[in-house]
Each structure stands twice: as C-alpha cells, then as structure tokens.
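Q: Sharing a structure here in structure tokens format.
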Amino acid sequence: MSWSEAAVLADEGLAIVDDVLSFGKVGVGKPSKREQALFLSATAMAYAVWENYVEQAAIELATFVAKTIDEASVPDGPKSELAKADAWSLSVHPGWRQLWIDRVKLRAIGSEEDFGLNTAGPQQVTKLFALVGVEAFKGLDTSRSSRLTDLVRARGAIVHTAKPPTPGFKKADATGWRDFVNELYCEFDESLRDQAEELVGERPW
C-alpha cells in the first residue's frame, strides 16, 4: 500500500515520539516528575505530528487534484472559494488551478498575516479539506472525531498549563495518544486517496 508524503513525514515524527517515550519506565505507581514531563512532551509531540500531517496532506492532495481534474468537475467547496477571485486571477494569473492550491496552502499553514489552521480539531480539519474538495473523516468511525477532540484538549492543557490533562497521567496514556494519532492519519490517508481517485480517476499516492 502506498502512502502520501505527509504520512511518511508523520511516521518520522512518531519515531521521535517513540524515542522520548523510551526514557520513561512502565510500571505501577506514580511516575516521577521527570517521567511525567516526558509523557506530557510525548503527547504534545504526537498532536503536533497530527497537525503537521493534516496541513501537508491538504496541500499535497490539493496540488494533485487541482492539476489533474477537469474544470467542469471541480467540487463545490473549492468552486465557491474560487468564485470570490477576480477574472484576471482565474484565467490569466495565477490561473484557477494555482489559485486553488494557494488558497489551500493559506488555510493550512497561513502567512505572515494569517495563522492558518492553528488547531487541527475536527471542525477545522473538516473546513480545510472542504476547500481541497474532499470530505474529512469520510469512512472513518465516528468515534475518531470525538477522540480527536479529546486529544486537542489534552494538548491544550499540556502546552498552556504545563500540567497533566488528567490526574495520574502515565506512560500508557501518552502511548495511547501516540497510537491513536498513528491509526488516525493512516485511516485518513487511505480515505483521501480513495476520494481523490473518485474525483479524477487516478490515485494521488
């Protein structure tokens, strides 16, 4: 099975998370402060892997679809966004295909004036991929979205308070988030690949 470049980068990111987790022991009892700091860091990093995956996958897929699709088949999401542009931008410079890609890049990673995605929760991810022209989380179990919301909250608690998101936070909790992110982007990647093939008749990866 082939994967997007975004998924390959996500694998590399999780390898770093694994390195961090390898320094904390597994066992009963309360983790030491140093161990808990490792677990909190690993959880925040696992979320960062997901957010970066989402941003890069959106750009990668939009680039493929925009350059491949027939103009008459452009989905409603990007079509509505492109309708806001002036005729010159659409037909001459930079042209609607590049404009589509540029709008997705802006929504995903932002610019000096725009923060981009900012948070990769279910609603934000859904809006981003609507602009790409596909449905986020299509075919995935509905529990994935609620679990992702929990991860976003856990990450927020960690980075804003430097404290555990739940009492007794331990290595198994951090490992659970790591595994969830891995499963999520793998399932997401397959869904994106299949939807792109439906749109243009070719697989993006």
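Q: From (1) of a type in the set (D, E, K, R); (2) closer than 30 Å to Glu183 by Cα; (3) surrounded by 18 or more Cβ atoms within 10 Å (Cβ to Cβ), pick out the condition that doesn't hold for Arg97.
A: All conditions are met except number (2).
Q: Which residue pairs have Cβ atoms under 6 Å apart, sit 6 or more places apart or on different chains, and have a first residue in segment 65-92 that is over 19 Å from Arg107 (Cβ atoms) and a second that is not in a loop (DSSP other than H, G, I, E, B)?
A: Thr68/Val200
Q: While we're here: Of all residues in segment 153-171 being assigned to a helix (DSSP H, G or I) and over 23 Å from the mean Cα position of the chain (by Cα), which is farthest from Leu38 (Cα to Cα)?
A: Checking each candidate, the answer is Thr161.
Q: Answer yes or no as to whether Phe39 is touching a helix residue (DSSP H, G or I) at 6+ places or on another chain (Cβ under 7 Å), among the aromatic types (Phe, Trp, Tyr) and surrounded by fewer than 19 Cβ atoms within 10 Å (Cβ to Cβ).
A: The answer is no for Phe39.
Q: Of all residues in segment 3-23, which are surrounded by fewer than 21 Cβ atoms within 10 Å (Cβ to Cβ), touching a helix residue (DSSP H, G or I) at 6+ places or on another chain (Cβ under 8 Å) and not in a helix (DSSP H, G or I)?
A: Once the filter is applied, which keeps residues that are surrounded by fewer than 21 Cβ atoms within 10 Å (Cβ to Cβ), touching a helix residue (DSSP H, G or I) at 6+ places or on another chain (Cβ under 8 Å) and not in a helix (DSSP H, G or I), segment 3-23 yields Trp3, Phe23.
Q: Among the residues of segment 60-77, is any modelled with pLDDT of 95 or more, within 20 Å of Arg147 (Cβ to Cβ) and crowded, with 17+ Cβ neighbours inside 10 Å?
A: Among the residues of segment 60-77, not one is modelled with pLDDT of 95 or more, within 20 Å of Arg147 (Cβ to Cβ) and crowded, with 17+ Cβ neighbours inside 10 Å, which makes the answer no.
Q: Any idea which of Ser111, Ser89 is farther than 27 Å from Ala174 by Cβ, surrounded by 14 or more Cβ atoms within 10 Å (Cβ to Cβ) and polar (S, T, N, Q)?
A: It is Ser89.
Q: Next up: Of the residues that make up segment 134-143, is at least one closer than 14 Å to Val54 by Cα, modelled with pLDDT of 95 or more, out of contact with any helix residue (DSSP H, G or I) (no Cβ under 8 Å at 6 or more places or on another chain) and not small (Gly, Ala, Ser)?
A: No, segment 134-143 has no match at all.
The values are calculated or read from the model by the stated rules, or taken from the named source; none is laboratory data. Keep in mind it's a predicted model, so treat the numbers as computed, not measured. All Cβ positions, glycine included, derive from the backbone under ideal geometry; neighbour counts span all protein chains shown.
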